[in-house]
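The structure under discussion appears below in the form of structure tokens.
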Amino acid sequence: MTNYPGSPHLKRTLLASALLLALNSTYAQQGTAPAARSGEDTPASVVILGSRSTAKTSLDTAAPVGLINIKDMQTAGPLELGKLLQTLDPSFNFSSTFISDGTDIIRPATLRGLGPDQLLVLVNGKRRHQQALVNVQQTVGRGSAGTDINAIPLSAIHHIEVLRDGAAAQYGSDAIAGVINIVLKTQTNETQLSSSVGTTSEGDGDLISGSANKGFKLGENGYLNLSVEGRRRNETNRAGPDTLRVDPPRVTQRIGDSLAKDAYLWWNAALPIDDSSEIYSFGGVSKRTGDSAGFFRSPGDGRTVPAVYPNGYLPNILTTVKDMSFAVGYKRELANDWKFDVSVNHGRSELGFHERNSINVSYWYEPKPGGGIYAESPLEADTGKLKFNQTTFNADIRGPIKFGDRTVQLATGFEYRSDNYAIEAGDPVSYQYGRTNNPAIKIFDQVGGIAASGAQGFPGYTPGTEVDQGRHNIAMYLDAEHNITEKLLVAAAMRFEKYSDFGNTTTGKLSMRYDPSRQFGMRGSVSTGFRAPSVQQKFYSSVSTNLNSAGVLTETLTAREGSPVTRAFGISPLKEETSKSASIGMIVRPMPNFSVTADLYRIDIDDRIVFSSNIAPESGACVPASKCPIKSILDPLKVGQAQFFTNAIDTTTDGLDMVAEHTTKWSGSTLVLSGQMSFSKTEVKARKSQSPVLTGAQLFDDAQVTLIERGQPRKKHVLAADYTTGPWNVNTRANYYGAVQGQGFTAPYIQTWEAKWLVDMSLRYAFTKKISASIGVNNLFDTYPTEWDKTKAAPFPQLGFTHCWETCPIGINGRQMYAKLDWAF
């Protein structure tokens, strides 16, 4: 990694950080981070992630683990978990999306520049289920089904642990990029209320939010902690005037955050049975609705009906996300410090689509028996549902084993997991070509072309794409951790998993921590990992009807594995991704109130599962037919173009994570300075094709390579200063987002959105120990992404696209202001 990208920038950043911290160390006094207000859960100081032995502080772990506590969450502005993590953790990315169907409401969450489904999310140390949505639009995470992280309310969370290390051998599939563990509140001594209001400097995006957290004692040492939260966020729109499709020019698009309404109910509970055992349970339900838009249909477009929409129309896509999880378990302390834990965890994700302000053009213009046309069509319809559910059973036991005068911490366990995926078809009008759905009938639109089928905006899922299938797997693991000396810790993990649909895999991990002194330590790890193809990737399919290159009405298909299309192209069934990762780092504590960590890493992933490029027939003359092999496959199947999931690329990710924190306390005041810097670079090493017809470059074109390599910032930094004196707290945070690029809509031109700093500031006043008020500004300087190149990116700027689209890490809302009231009793 000697040729690591951006090394001049890295040197300048390190120099500036070292100078800042050195200047402040002159005034340093021994101290710790400020405690929470009385009555609140105290900020977490230890983490359990990355090791199954005793809990450690984040500076004492054998792998880099970030810790986000209650105070961090209180002083940050975002009220949704994804945006909060992006603000506080530089290795985490939560790209804004719009005009992307379901991805508008379930946005992709990623770690260390990899995919959403290469990040494992835990709640209270237990696997969290994935989302039902498959990201099939041209966005970050295309082709993946990650975890719907915004289904978890902030009011229920005590702290968050972020493991920035490969951990498939410890926690199973999906942990290639790392692991996030969300730990829920357990407090029982008060009721905590919070309310917020906010808006943008443009006067849109008004937000109102309220939450309540209440704890109850169960017996002497048991607890029940309940959280209820609700939020409404109005839409934002940063679209410019449409100068191509309407005269006079006007805004025709909705480009920004969708209108969203969210409601949550979560719990965390434990009931002791005796002095050494307890029953526990946690989980929650949430319902979130989104109101977004598709592409504007202009008055002269064949996809509109002048009698209904004389000025054109903007299809309205309504989404409803329902999420549920329920975990129950039993813990027992055994003899000789051994512990036993058995649990069952069930989760469900459902995404329903409803199209409004739309029309089925083929219904309207369908010839009527006896002459004329029907001139009728519903203007809205349900367009289908996606459903995913997962049930996981775990049995774990851990404790020390003595070998003479040496003690080894052991952990072993068994896991059974069942995953199921379902697609339900929409209303017939949402997908049919005319009322008979017969392509042989010629239906002509207003401009004389073949009329489009289905609802405009988001065509419905068809009966042919309905599915209800699943798979199961079993796993066994063994962890061992041993202090060879007081200064040297070694750990090893091995995991075996067997799947019902593609076989078995074994992964391993070795870790080391060496501390020659309290002031300096080193750590490192090497591991192998894997990610099983998700059931969403295996079973997802969709069909829409369009014209092929010859003007014949045919199907455009997202084909699942084993379908006639994938078999015809020679695309093999999906297999697991495999990875090798290594990291090495250091921990420096020159004084009790000052620490610096730095960790270098490399992740190699082979057979990475991706969503293919659009495979369309060759154009021009096809004489002989062998000159057009794609056309020869698609035409007999009546498929105009196809896409599918396939193990098509190998990637390498190199990176560096640095964290520095310095605390100064004097005369009742506390100043905490922190800097977090993340550098990562992902490169596609190889594009591979199993097909005798398609090359690797056809299967995964340059636009998709650019999205993988440059769709997420290669540099992201967080610099923060938190000052508390008496009842006052001032927090200032600056986030640096490196440049991103995309060419999915402008190929071969590559649009660059330049690097930007975003500054957030909040001011908090505590009237009493239990009542406080805050005001804050996110994006203080009203920073926006780079504008589209008006010439090279045409026609998108002329259609009203002002800033970014397929990748948008900082969003396009500009400055946002808020006020917040916290009250406990």
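Laboratory data are not the source of any read-out in this text; all were calculated from the coordinates shown. Please read these numbers as outputs of a predicted model, since none were measured by experiment. A quick note on method: Cβ atoms are made from the backbone with ideal geometry, for glycine too, and the neighbour counts reach across all protein chains shown.
Points to keep in mind about this one:
- Listed residue (ALA411, GLY384, TYR365) projecting farthest to the positive dipole end of the range 346-492, Cβ model: ALA411
- Under 13 Å of direct C-alpha separation, and excluding same-chain neighbours fewer than eight residues apart, LYS575 reaches these aspartates and glutamates: ASP501, GLU561, ASP606, ASP607.
- Partners of LYS770 within straight-line reach, counting aspartates and glutamates whose Cα lies under 13 Å from its Cα and excluding those fewer than 8 residues away in the same chain: GLU40, ASP41, GLU190, ASP822.
- Subtracting the Cα-Cα distance of LYS638 and PHE444 from their residue separation scaled by 0.36 nm leaves 67.9 nm.
- Size of charge dipole - the chain - debye, nearest 20, with Cβ of Lys, Arg +1 and Asp, Glu -1, no other charges: 920 debye
- Stretched out straight at 0.36 nm per residue, the stretch from THR732 to VAL490 would grow longer than its current Cα-Cα span by 83.2 nm.
- Unit charges at the beta carbon, dipole of the range 570-694: most positive-side option, SER613, SER632, THR670: SER632
- Listed pairs LYS214/LYS715; LYS261/LYS339; LYS71/LYS716; LYS339/LYS385; LYS790/LYS820 exceeding 32 Å between Cα atoms: LYS214/LYS715; LYS261/LYS339; LYS339/LYS385; LYS790/LYS820
- Only Lys, Arg, Asp and Glu carry charge here, each on its Cβ (+1 for the first two, -1 for the last two); on that basis the range 343-453 has a dipole of about 380 debye about its Cα centre.
- The label point for THR186 and the one for CYS622, both projected 7 Å from the Cα toward the Cβ, are 6.6 nm apart.
- Backbone HN-Hα couplings from phi across the range 337-351 [Karplus 6.51/-1.76/1.60, Hz, Gly and Pro as x]: 6, 8, 9, 10, 9, 10, 8, 10, 10, 10, x, 9, 10, 9, 10
- Legend: helices of the chain (whole DSSP H runs) are marked when their alpha-carbon atoms reach 18 angstrom or more along the helix axis and their mean Kyte-Doolittle hydropathy is at least 0.0; marked are 7-25.
- Each peptide among 733-746, 85-98 gets the average number of other Cβ atoms lying within 10 Å of its residues, and from highest to lowest they stand as 85-98, 733-746.
- Cross-link pairs LYS538/LYS638; LYS56/LYS756; LYS217/LYS769 - those with Cα-Cα distance over 25 Å: LYS56/LYS756
- Rounded to whole numbers, the Karplus 3J(HN,Hα) couplings from phi for the range 557-571 are 10, 8, 9, 7, 5, x, 6, x, 5, 5, 5, 5, 7, x, 7 Hz, using 6.51 cos²θ - 1.76 cosθ + 1.60 with θ = phi - 60°, and x at Gly and Pro.
- In the set (1) 15, 48, 30, 6, 0; (2) 10, 16, 13, 13, 13, 13, 15, 6, 0; (3) 14, 44, 35, 7, 0, the label that goes with P(r) over Cα pairs in 20 Å bins from 0, in percent computed for this structure is (1).
- Each peptide in 261-270, 68-77 receives the mean, over its residues, of other Cβ atoms within 10 Å, and ordering these scores from highest gives 68-77, 261-270.
- Shape category assigned to the range 234-311 from the gyration tensor of Cα positions, a/c cut at 1.5: prolate
- Protection proxy ranking of 594-605, 482-493 - average other beta-carbon atoms within 10 Å, highest first: 594-605, 482-493
- For MET522 and THR783, a Förster radius of 41 Å and the Cβ-Cβ distance give a FRET efficiency of 0.60, rounded to the nearest 0.05.
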